[in-house]
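Data first, discussion second: the structure below is written as structure tokens.
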Number of protein chains: 2
Amino acid sequence: MFGFGNVGRFFAETISQKREILADRYGLEIVLTCVTDTTGAAVSAQGLDPGVLLDAKRSDGGAAYCPQYGQPGIDPRSALANARADIVVEATPTNMTTGEPGLSNIKLALSSGMHVATASKGALVLAYSELMQLAKERGLALKFAAAVASPLPTIELADFALQGCEIKSIDAILNATSNCILRSMETGAGTFEEALKDAQRRGVAEANPRLDVEGWDTSGKLVILTNALMGKVSLNEVERRGVDTVTPEMVKEARAEGKSIKLLGTARRVNGHLELRVVPVAVPPEHPLFAVNGIQKGISIDTDLAGRLTVIDGGAGPLATAQCVLRDVVNIARFHMR
Amino acid sequence: MFGFGNVGRFFAETISQKREILADRYGLEIVLTCVTDTTGAAVSAQGLDPGVLLDAKRSDGGAAYCPQYGQPGIDPRSALANARADIVVEATPTNMTTGEPGLSNIKLALSSGMHVATASKGALVLAYSELMQLAKERGLALKFAAAVASPLPTIELADFALQGCEIKSIDAILNATSNCILRSMETGAGTFEEALKDAQRRGVAEANPRLDVEGWDTSGKLVILTNALMGKVSLNEVERRGVDTVTPEMVKEARAEGKSIKLLGTARRVNGHLELRVVPVAVPPEHPLFAVNGIQKGISIDTDLAGRLTVIDGGAGPLATAQCVLRDVVNIARFHMR
């Protein structure tokens, strides 16, 4: 596992706590053989004790200081070689400009013959087709449930439930920060700036909120989803306008009509090509995503055979993202390793 | 395929229309070798031409009258033996009192070494554990996406997206007829009887609506879902009250509070045992199924790791049910036959 932040820690905890369930349901034992972070890595091809690892992280601040297994300053390539893993979990912080360090990590894992479950979306936004091609050539799986609107089952829906369907369009609310800001403007009737400050106070928005409020995060997720479900697209094709363009007047007008403004990501097929848009839209009560508020996310997929299917989460944090990583790891083990 | 009504016909059409997509995506060719209905069967181990079959159904009214392949009056056992199928689709009309003819058909298929995808729920309501046990003993799959709130991805969600999760509760709106009647009482403010008559005129309710309006259909589906997702339960454990008990006063009172009455099926774990209930409930706007209206269906699942996930369809007919059959057939071929 590359990266040992919140998601990584919850993942380590979860595979330890759910050991029996994983054995019972899937006949599976997940052994963590390597964890890297900025300090270096903890490595043991026989398996790290998640308890010892989590203690080390809490008390000494880094994987490299884990008793017995810590290797300060070791590079990812050497760590991976020592780990002898079947699957690499990529859970480093995402970067949508360079895709790094995820991009290099994923390439390294695939070219080392390891399957990948990534929780970080930067690399996929920038190089979806290239990475998928690389995985395909090597006969490996590259999965990313945790990278796109976790814990919504988006790719799983397409993979396991929409057999034979053509997906006609995607509508989605994918960014919790933007959705919280809009909700707060709706209920408090303040300006965007006030709502943003409030969100920052509550820890919902980051100190540098640009990626979220300008719609980049939604656009990145939409690009990955569209690539996976509909066809090849890139980030520069997205018509993008963020919640920073929403005024109190727009919110008031929408409410007067019984509508609610959402930062809606949409992908649809128009005259044979894919049209992607991330813009604030006043949606009416009958819109399938009307009730997606605050930290909730939602996606609505229109298909030819099964009609419209909408999935909405209840508002989720890093534990749910870790569950998405587990989802991918289990599915790789079940469907790509036997 | 046992049964050749709407779902069966759409299934035959769909596998023909989606031939290329199924080959491209899954390397799969689905060959229909036998179709039975009340007239007998059409059988060809080399494969029936869906076009010829559908023409025969339209013009002569039965599979047995299909040119070249028709076998009037042949019994299911002989038809199955001649079909030499890998998978049996059970799509006969459902009966929740006896489970027949589905129950016998499913047992026959499993004991003949064939996987089963059933669109008919009666047998599963009455004998879920027995049938699953039979399938397990023979190393066969018994799937039922089309039998429970199709096209909602309920079982697929649990199978492919909720790895490691414990399901704490299920809330669901599973019966379109009841939901339409409630909607019509809400918008027209009439009595149950008036709303029912209106639904019958529009073809939404059957001539004998008891199974729907008394909550039996919802209870049956809830029992199957609970067995599949949470643990062993039977139909007589369900506390049941249908929409026939809803009065205009109840609807008015709910609306005055901003609520909407739904026939809600709920399963939850209380003090270690499972508590099932199908009753009309006035749900507030923040309830995840508040916006499920008319012919829509919805299910909301609360989990320990991924939080709450809610899936809602856009209102679906027999084509969507046929897609669910296809879903099961493809998944059986991918995961149980290779």
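The values are calculated or read from the model by the stated rules, or taken from the named source; none is laboratory data. Keep in mind the model is a prediction, meaning the values are calculated, not measured. For neighbour counting, all protein chains shown are included, and Cβ atoms are generated from backbone atoms with ideal geometry for every residue, glycine included. Side chains included, ligands, DNA and RNA excluded: accessible areas come from the protein's heavy atoms. Shrake-Rupley method; radii C 1.70, N 1.55, O 1.52, S 1.80 Å.
Note on region A:137-195: dipole from Cβ charges, positive end direction compared against A:ILE155, A:LEU142, A:LEU182; the farthest Cα belongs to A:LEU142. Projecting the alpha carbon convex hull of the protein assembly as shown along each direction and taking the average yields 30.5 nm².
Give the value in nm², to one decimal: projected area of the alpha carbon convex hull of region B:34-101, averaged over all directions. Walk me through the numbers on the way to the answer.
Working: hull surface 19.0 nm².
In nm², the orientation-averaged hull projection of region B:34-101 is 4.8.
Label point of B:GLU166 set 7 angstrom out along Cα-Cβ; within region A:1-42, amide nitrogens under 11 Å from it belong to A:18, A:21. Computed across region B:81-166, the Kirkwood hydrodynamic radius from all distinct Cα-Cα pairs reaches 13.4 Å. What's the carbon and sulfur percent of the protein assembly as shown's accessible surface, probe 1.4 angstrom, rounded to a whole number? Accessible surface attributable to carbon and sulfur in the protein assembly as shown totals 47 percent.
Only protein heavy atoms count here, probed at 1.4 Å, and on that basis chains A and B bury about 3100 Å² of accessible area in total.
Here each label is just a point 7 Å from Cα along the line to Cβ, and for A:ARG84 and A:ILE295 those points are 4.1 nm apart. Taking 7 Å steps out from each Cα toward its Cβ at A:MET250 and B:THR97 produces label points 6.0 nm apart.
If you place +1 on the Cβ of every Lys and Arg and -1 on the Cβ of every Asp and Glu, how big does the dipole about the Cα centre of chain A come out, in debye to the nearest 20? Numbers along the way, then the final one.
On the way: 35 positive and 38 negative charges, 68 e Å.
So the dipole magnitude of chain A works out to roughly 320 debye.
In a reduced charge model with +1 at each Lys and Arg Cβ and -1 at each Asp and Glu Cβ, region B:210-337 shows a dipole moment near 220 debye about its Cα centre.
Taking only protein heavy atoms into account and a 1.4 Å probe, give the accessible area per residue of region A:1-60 in Å².
Values: 2790 Å² over 60 residues.
For region A:1-60, the per-residue accessible area is 47 Å².
Relative to the compact-globule estimate of 2.2 N^0.38 Å, the Cα radius of gyration of chain B comes out at 1.02. Other residues lying with their Cβ under 15 Å from the Cβ of B:ILE181 contribute a combined charge of -1, Lys and Arg counting +1, Asp and Glu -1. Taken as Cα centroids, region A:149-168 and region A:244-274 sit 24 Å apart, rounded to the nearest whole angstrom. Contact residues in region A:156-180 (at least 20 Å² less accessible area with all protein chains than alone, 1.4 Å probe): A:LEU157, A:ASP159, A:PHE160, A:ALA161, A:GLN163, A:GLY164, A:CYS165, A:GLU166. Contact residues in region A:292-307 by the 30 Å² criterion (accessible area, 1.4 Å probe, full protein complex versus chain alone): A:LEU305, A:ALA306. Along region A:14-20 the Karplus relation, 6.51 cos²θ - 1.76 cosθ + 1.60 evaluated at θ = phi - 60°, assigns HN-Hα couplings of 5, 5, 6, 5, 9, 3, 5 Hz to successive residues, with x for each Gly and Pro.
Longest exposed-loop-site-free stretch of chain A, with GluC sites (Glu not before Pro), DSSP loop and at most 15 other Cβ within 10 Å? It runs A:30-165. Largest to smallest in accessible area, the residues A:HIS115, A:HIS273 fall in the order A:HIS273, A:HIS115 (1.4 Å probe, all protein chains included). For chain A, adding -39500 (n - 2.57) for each run of n ≥ 4 DSSP H residues and dividing by the number of residues yields -12500 deg cm²/dmol at 222 nm. Remark on B:LEU32: its backbone amide H falls under 5 Å from those of B:LEU48, a criterion applied only to residues 5 or more positions apart or on other chains, H modelled at 1.01 Å from N.
Here the 3J(HN,Hα) profile of region A:155-167, calculated from phi with Karplus coefficients 6.51, -1.76 and 1.60 at θ = phi - 60°, is 5, 4, 4, 5, 5, 10, 10, 10, 3, x, 7, 9, 8 Hz, Gly and Pro shown as x.
Amide H contacts of B:ARG240 (H built 1.01 Å from N, in plane; Pro and chain starts excluded): B:VAL278 sit under 5 Å, all sequence-distant by 5 or more or on other chains. Remark: region A:297-309, residue by residue, has Karplus-estimated 3J(HN,Hα) of 10, x, 9, 10, 10, 9, 10, 6, 8, 9, x, 9, 10 Hz, where x stands for each Gly or Pro and the curve is 6.51 cos²θ - 1.76 cosθ + 1.60 at θ = phi - 60°. Counting only Cβ charges, +1 for Lys and Arg and -1 for Asp and Glu, the dipole size of the protein assembly as shown around its Cα centre is about 540 debye. With all protein chains kept in place, the per residue accessible area of region A:121-211 amounts to 38 square angstrom at a probe of 1.4 angstrom.
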